[in-house]
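For reference, the structure is listed below as structure tokens.
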Amino acid sequence: QEEPELVSAIYGRGIAYGKKGLHDMKNAELALFELSRVISLEPDHPEVFEQRAEILSPLGRISEALSDLTKAIQLQPSARLYRHRGTLYFISEDYATAHEDFQHSLELNKNQPIAMLYKGLTFFHRGLLKEAIESFKEALKQKADFIDAYKSLGQAYRELGNFDAATESFQKALLLNQNHVQTLQLKGMMLYHHGSLDEALKNFKRCLQLEPYNEVCQYMKGLSHVAMGQFYEGIKAQTKVMLNDPLPGQKASPEYLKVKYLREYSRYLHAHLDTPLTEYNVDTDLPGNFKDHWAKNLPFLIENYEEQPGLQPHIKDVLFQNFESYRPDVQELICVADHLGSMMQYETPGFLPNKRIHRAMGLATLEVMQAVQRTWANSKVRMNGKTRLMQWRDMFDIAVKWRRIADPDQPVLWLDQMPARSLSRGFNNHINLIRGQVINMRYLEYFEKILHFIKDRILVYHGANNPKGLLEVREALEKVHKVEDLLPIMKFNSKTRDGFTVNTKVPSLKDQGKEYDGFTITITGDK
């Protein structure tokens, strides 16, 4: 047993190395070596384990840091240790366990705004938005000038679809610090998806004054300009994002991956500004490979791709119109369109209303009505100078055209116009209802119905394939309230791996006895 003075000297050296530079790997290694020596000499000092965890976690050695903190907590639990460990679980995306640690921390010391903020974030990242909002408000009670809590509160309201409450929270964050880049970026994103492009643009410009290399704001600036018909400015901003090549070994940002498609599509739109909308068609004009990669969000690696022509100076940008400059009859049309379009809004948590999409779909509704009315009068439509009978597809094409104009960021493409081999590789429309710890707020209302439906199907399945075990299955099903509890029940009889699929069938109204595929619910046991 070394003398106590020596131990404290080694411990002092360990901390000194740690403080001197965690950026310097060599110092970090020396600190770890010294602290490990102290632990082997005196294994019951919680602060030494905590020190070692503080050096391990920036090195990315999270699981080792976690086990050190667990040892420290066993020796002497404290609010700080629980908060520290909760933060590491949070970084590891284990939000449920992190939540427990922040909860323990707050029980030991309730006045901790940061722990309260993190507790809220563990709710937020699991899709439990209402609980998150409560925690963020608690954090703000403890610390009234807590910018990050206002920012997170704004983001939670935005995810709920509550535009006014989100705006108010973002404003409060910006009152405390008008240069808070993250808030400017989030507020700009929300305004874009609310259809307020002019306002969104102001936030992205402000964000870029403060952080010229912010890729999200740069991309969104390019997108907002193009959506408003300002193609010169838009393409200039997009090109800046393209010049931001990732370093070797660095992952490319989502903006970097998307921007090449946006720029090509922007050039295409600009080239056709003076062409009547019925005379050009993205589905046939853009190369199949381009559409396939764009729709699947793949990196832009397209062989023999011929770029869209650059901007032609004789094609002018779209002039900004204000409502007052329209004739009264046009104003009336727009008002009717806004009203009709707003009826498509889902009144359920998780959907932010988008005034621009509302207006576009309202105008689509009016144009569809006009087209159908004309067809009623003479039953033919004119397409590319030829006349033919109107089909359901002509009607839908009108709506699709408006949907495309509303947001150039989203590829809106007909599946049957995609290249054949691209279709065979799956264009399934997946919606994650629950993924690991994450719940999809938008579809929470359906949860009980779907669970009930699956239980029914499981009984039918076992009734047909496992009649002897039916009673056992029925008893087990009565105890099921969580999705994961369904997995073991399916194993009673079958050799299924971790998971199963339930399909629905829909009877045809037109042809008696014919059935169509409905929807498919898949449950897998992988994390």
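Quick grid of which residues meet (1) basic (Lys, Arg); (2) assigned to a helix (DSSP H, G or I):
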position	(1), (2)
SER135	no, yes
ALA156	no, yes
PHE170	no, yes
GLN178	no, no
LYS187	yes, yes
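Of all the criteria given as (1) without any contact (Cβ under 8 Å) to a residue 12 or more places away in the chain; (2) open to solvent by 80 Å² or more (accessible area, probe 1.4 Å), the one not satisfied by CYS335 is (2). All told, GLY195 meets the bar of being crowded, with 18+ Cβ neighbours inside 10 Å, part of a loop (DSSP other than H, G, I, E, B) and either in the same structural domain as ARG359 (by the TED database) or in contact (Cβ under 8 Å) with a residue 40 or more places away in the chain (or both).
Residues in segment 212-265 that are free of Cβ contacts under 8 Å to residues at least 12 places away in the same chain and within 20 Å of VAL181 (Cβ to Cβ): PRO212, PRO254.
Among the residues of segment 284-302, which ones are closer than 13 Å to TYR265 by Cα, open to solvent by 20 Å² or more (accessible area, probe 1.4 Å) and in contact (Cβ under 8 Å) with a residue 60 or more places away in the chain? Those that are closer than 13 Å to TYR265 by Cα, open to solvent by 20 Å² or more (accessible area, probe 1.4 Å) and in contact (Cβ under 8 Å) with a residue 60 or more places away in the chain: TRP294, ALA295. Scanning segment 343-388 for residues that are open to solvent by less than 80 Å² (accessible area, probe 1.4 Å), modelled with pLDDT under 90, in a helix (DSSP H, G or I) and among the hydrophobic types (A, V, I, L, M, F, W, C) returns ALA371, VAL372. I'd like the full set of residues that are farther than 21 Å from ARG404 by Cβ, hydroxyl-bearing (Ser, Thr, Tyr) and crowded, with 16+ Cβ neighbours inside 10 Å, limited to segment 232-283. Hit for segment 232-283 is TYR256, nothing else.
For segment 442-481, a residue qualifies if it is closer than 21 Å to LYS505 by Cβ and small (Gly, Ala, Ser), and the qualifying residues are GLY463, ALA464.
If the condition is being open to solvent by less than 80 Å² (accessible area, probe 1.4 Å) and basic (Lys, Arg), then segment 454-471 contributes only LYS455.
If the condition is being touching a residue at least 12 places away in the same chain (Cβ under 8 Å) and loosely packed, with under 15 Cβ neighbours inside 10 Å, then segment 439-450 contributes GLU445, TYR446, PHE447. Of the residues making up segment 140-150, those that are part of a helix (DSSP H, G or I), surrounded by fewer than 24 Cβ atoms within 10 Å (Cβ to Cβ) and in contact (Cβ under 8 Å) with a residue 12 or more places away in the chain are LEU140, GLN142, ILE147, ASP148.
Can you work out which of the residues in segment 163-175 that are touching a Phe, Trp or Tyr at 6+ places or on another chain (Cβ under 7 Å) and surrounded by fewer than 21 Cβ atoms within 10 Å (Cβ to Cβ) is nearest to GLN209 (Cα to Cα)? Among residues in segment 163-175 that are touching a Phe, Trp or Tyr at 6+ places or on another chain (Cβ under 7 Å) and surrounded by fewer than 21 Cβ atoms within 10 Å (Cβ to Cβ), the one nearest to GLN209 (Cα to Cα) is LYS172.
The values are calculated or read from the model by the stated rules, or taken from the named source; none is laboratory data. Bear in mind the structure is a predicted one, so any value in this text is a computation, not a measurement. Every residue, glycine as well, gets a Cβ built from its backbone with ideal geometry; the counts of neighbours run over all protein chains shown. In case anyone asks, the SASA skips ligands and DNA or RNA and just uses the protein heavy atoms, side chains included. Shrake-Rupley method; radii C 1.70, N 1.55, O 1.52, S 1.80 Å.
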